[in-house]
Amino acid sequence: MSSSSDEKKPADDAADAAAAAEDEQVVMLRSCDGEEFAVGASVAKMSGMVSNMIDDDCVDGGVQLPMVKGHVLARVLEYLNKKHGSAAEEFTNFKAEFFATLADREALFDVILAANFLHTQDLLDDACQCAADRIRGKKVQEIRDYFGIVNDFTPEEEEEIRKENAWAFD
Amino acid sequence: MAYFPEEVVEQILGFVKSHHDRNAISLVCRAWYHIERLNRGSVLVNNCYAVRPERVHSRFPRMRSLTVKGKPHFADFNLVPAGWGAMALPWVDACARACPGLEELRLKRMVVTDECLKLVAHSFANFKSLVLVSCEGFSTLGLATIATNCSVFLKELDLEESVVKYRGHHWLNCFPKPSTSLETLNFACLAGEVNAHALEKLVERSPNLKSLRLNRLVPFDVMARMLARTPKLEDLGTGSFIQGFNAGVGLHLPVFNAFRRSRSLKSLSGFWDAAGLHFQVIYSVCKNLTCLNLSYAPFIQSADLINIIRQCTKLRTLWVLDNIGDEGLKVVASSCAELEELRVFPARTAVHPRTALTEEGLVAISSGCRKLNTVLYFCERMTNAALIAIAKNCPQFTSFRLCIMEPRSADPMTGQPLDEGFGAIVQSSKGLRRLSLSGLLTDNVFLYIGMYAEKLEMLSVAFAGDTDNGMIYVLNGCKNLKKLEIRDSPFGDAALLAGMQRYESMRSLWMSSCNITLGGCKSLAASMPSVNVEVIDEGASSIDEADEDANNARKVRKLYLYRTIAGPRGDAPGFVSVL
């Protein structure tokens with residue numbers, strides 16, 4: 001197994017342990033910026049995308065993930081490994097801490113996009129729930145700022161929707 | 001700048017339930033407006049006349065759950081005449097055409113006919129949930145069509161506080177066989193016999209029942225047998241405690257056991273004709289109860305109430321009659337540390353000499369129940385000192401409704417109005433959203449409300465205030481006010497017109513037996529085309545066009561105005577003039 005950095009990532013440790021223990025197939029995942037992660041097949045299959053490739057026998061040379069950076073992939077694998085190996089209550093505690101460390105919205109968005117790309121539904125659900133929690137109670141402009149979205153309504157359009165929302169649906 | 005593919009935005013939206021948040025999200029940008037509107041499953045319409053049903057469907061084509069509210073709140077006090085409106089049929093009709101996948105329909109204070117129920121029964125193949133709160137206009141025949149046709153998936157039939165015409169009890173036989181999906185069945189409001197055999201058979205074939213509220217004519221032995229067969233039951237509204245109770249000496253043990261084995265029972269109500277000794281059967285479940293409604297049990301004495309309440313240490317919600325007395329409330333205060341909501345209603349039948357309920361009871365509660373946030377308190381007297389103490393003990397009220405029975409009652413200790421007391425409440429509870437006033441009150445109380453009640457959304461006023469200023473203080477001050485309802489108070493045209501800038505940001509205004517004139521209402525209506533101004537005048541002689549000045553000077557008995565994007569309504573009866 002090779003890794004582009006000298007330090008072994010937590011994902012690697014867990015992956016090594018899992019793979020060694022079960023003597024299962026190891027899949028090499030390669031991030032878009034060249035970092036490599038060895039992952040046991042049972043964890044790798046938690047990604048719908050990788051799972052299909054394993055089934056189609058296309059993983060021999062490793063799997064290139066053009067959309068996902070190394071540091072993001074590391075976080076995704078941290079989640080998947082923990083989910084694979086933990087009891088329910090332990091995982092619940094882990095999840096709370098995991099998302100707390102993704103306080104930076106860019107970090108959270110990276111994980112959401114990676115989970116979407118990789119079809120890791122559980123992680124996608126949890127990450128989207130986290131995003132939904134973070135916009136609860138926010139005003140419109142605050143939500144725009146949070147997601148970096150530019151308002152493309154005309155003032156008249158915006159006023160009409162605002163009025164309908166307040167008068168009919170509030 | 002983040003770029004999320006549409007399906008990711010949809011995923012995030014799937015976790016956003018609150019309509020406030022969804023309304024904000026719909027305004028983010030054009031793409032999000034469309035993603036949100038195609039994703040909204042649960043739609044809430046707080047005023048059936050504020051928007052047309054067709055518009056609701058056109059904006060939210062994938063709606064699965066619709067909640068619509070009709071008559072204004074004062075309809076509960078019979079102030080809205082029969083025939084005023086709030087018919088459910090146009091809404092159900094629109095759903096039948098545009099939304100065959102509808103699963104849930106919740107209506108409040110609307111008129112629902114049997115024809116309407118028939119349409120519900122035949123139009124929605126996946127229908128799961130029908131909740132009719134304070135509705136009227138239907139009969140048990142309508143219930144029969146629902147039970148018969150909404151068969152496979154029906155999980156919830158809840159008729160909370162509705163008025164149902166009795167046309168036989170056949171409807172209980174109509175639920176599907178061999179089994180139903182029922183989780184909630186509430187027919188406590190039904191006046192009329194039910195077929196006990198049919199009811200028992202229904203419960204037997206409803207293995208998922210979690211909430212069952214019986215009416216007062218279900219005999220006790222029937223209830224006991226059913227309780228033994230519903231191990232998952234969390235919420236029970238009992239039937240009669242008299243009919244079927246003395247049916248045999250051996251009866252008591254099975255009943256005790258049935259309650260004792262109900263490990264999931266958390267909520268109890270009913271107790272229609274129960275007296276003290278009957279309550280022993282529920283002692284075993286008291287320690288698990290979070291919700292207890294004894295407001296239909298006028299025969300129970302304070303001492304017996306105390307015995308039960310002492311054991312209900314996990315209680316979060318308690319509804320009782322004022323026969324609990326101050327002593328009973330002191331026991332609540334010392335036993336129920338988790339209490340969040342208390343409602344004390346007036347006992348309508350004076351069976352025992354009235355146990356004293358004064359301001360002391362509420363002071364004790366405010367001091368002992370630190371989580372209390374919702375109060376509805378009917379009483380004979382209240383003092384400023386008590387209200388000030390309550391305000392100090394309890395800064396976290398979200399809803400505070402005080403109903404001193406005699407209008408315009410002064411503080412019995414000082415003879416003063418209760419302005420200072422209510423002023424203390426609004427100053428201390430910064431999160432107060434709902435407030436009902438009573439007692440002797442001058443314009444000062446409204447000054448305080450305008451100054452301090454920043455989060456107030458709903459205010460109910462009766463027999464209060466001296467001049468127009470009272471109403472003006474509230475309209476100018478309470479920026480978050482949504483509903484204002486006033487009766488028998490001396491506010492006139494100047495106050496009404498002062499609110500012109502406010503009515504488009506409020507849901508509605510009700511004024512009855514005040515000092516407003518037809519001329520004032522016409523003036524208001526002329527300047528506010530997007531507000532429906534309804535003058536309700538049953539029994540009044542028709543407007544004589546000839547003498548306009550005399551007409552305009554006529555006092556308006558009932559005014560109801562509300563903002564709307566639906567325009568003037570086409571179904572107003574003869575006694576309603578939409579100006």
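The values are calculated or read from the model by the stated rules, or taken from the named source; none is laboratory data. No experiment lies behind these values; they were computed from the predicted model shown. Don't worry about glycine lacking a Cβ; one is built from the backbone with ideal geometry, like all the others, and counts go over all protein chains shown. These area figures cover heavy atoms from the full protein model, side chains too; ligands, DNA and RNA do not enter into them. Shrake-Rupley method; radii C 1.70, N 1.55, O 1.52, S 1.80 Å.
Some values worked out for this structure:
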{"item": "From the options B:Asp488, B:Asp571, B:Asp547, residue that is farther than 25 Å from B:Leu435 by Cβ and in contact (Cβ under 8 Å) with a residue 40 or more places away in the chain", "result": "B:Asp571"}
{"item": "Selected residue (only one of B:Val218, B:Val133, B:Val203, B:Val164 is among the β-branched types (Val, Ile, Thr) and open to solvent by 30 Å² or more (accessible area, probe 1.4 Å))", "result": "B:Val133"}
{"item": "Any hit, the stretch B:239-247, residues being free of Cβ contacts under 8 Å to residues at least 12 places away in the same chain and farther than 25 Å from B:Val131 by Cα", "result": "yes"}
{"item": "Selection count where residues are open to solvent by 60 Å² or more (accessible area, probe 1.4 Å) and within 15 Å of A:Ala41 (Cα to Cα), scope the stretch A:79-101", "result": "4"}
{"item": "Out of A:Arg144, A:Arg134, A:Arg162, sole residue that is open to solvent by 50 Å² or more (accessible area, probe 1.4 Å), at the interface with chain B (Cβ under 8 Å from one of its Cβ atoms) and assigned to a helix (DSSP H, G or I)", "result": "A:Arg162"}
{"item": "Options B:Ile472, B:Ile486, B:Ile449: the member that is buried (at least 18 other Cβ atoms within 10 Å of the Cβ) and closer than 23 Å to B:Phe345 by Cα", "result": "B:Ile486"}
{"item": "Enumeration of residues in the stretch A:68-113 that are in contact with a strand residue (DSSP E or B) (Cβ under 8 Å, 6 or more places away or on another chain) and within 14 Å of another protein chain (Cβ to nearest Cβ)", "result": "A:Val72"}
{"item": "Tally, over the stretch A:147-159, of residues that are charged (D, E, K, R) and at the interface with chain B (Cβ under 7 Å from one of its Cβ atoms)", "result": "2"}
{"item": "Residues of the stretch B:17-62 satisfying the condition of being open to solvent by 20 Å² or more (accessible area, probe 1.4 Å), at the interface with another protein chain (Cβ under 10 Å from one of its Cβ atoms) and part of a strand (DSSP E or B)", "result": "B:Leu44"}
{"item": "Residue in the stretch B:255-311 that is most open to solvent (accessible area, probe 1.4 Å), counting only those that are among the aliphatic types (A, V, I, L, M) and more than 20 Å from B:Asp322 (Cβ to Cβ)", "result": "B:Leu277"}
{"item": "Residues that are assigned to a helix (DSSP H, G or I) and either away from chain A (no Cβ under 14 Å) or aromatic (Phe, Trp, Tyr) (or both), drawn from the stretch B:505-523", "result": "B:Leu518, B:Gly519, B:Gly520, B:Cys521, B:Lys522, B:Ser523"}
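Matching residues to (1) free of Cβ contacts under 8 Å to residues at least 12 places away in the same chain; (2) under 21 Å from B:Gly41 (Cα atoms); (3) within 28 Å of the chain's Cα centre (by Cα):
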| residue | (1), (2), (3) |
| --- | --- |
| B:Val92 | no, yes, yes |
| B:Lys108 | no, yes, yes |
| B:Leu157 | no, yes, yes |
| B:Lys165 | no, no, yes |
| B:Glu204 | no, no, no |
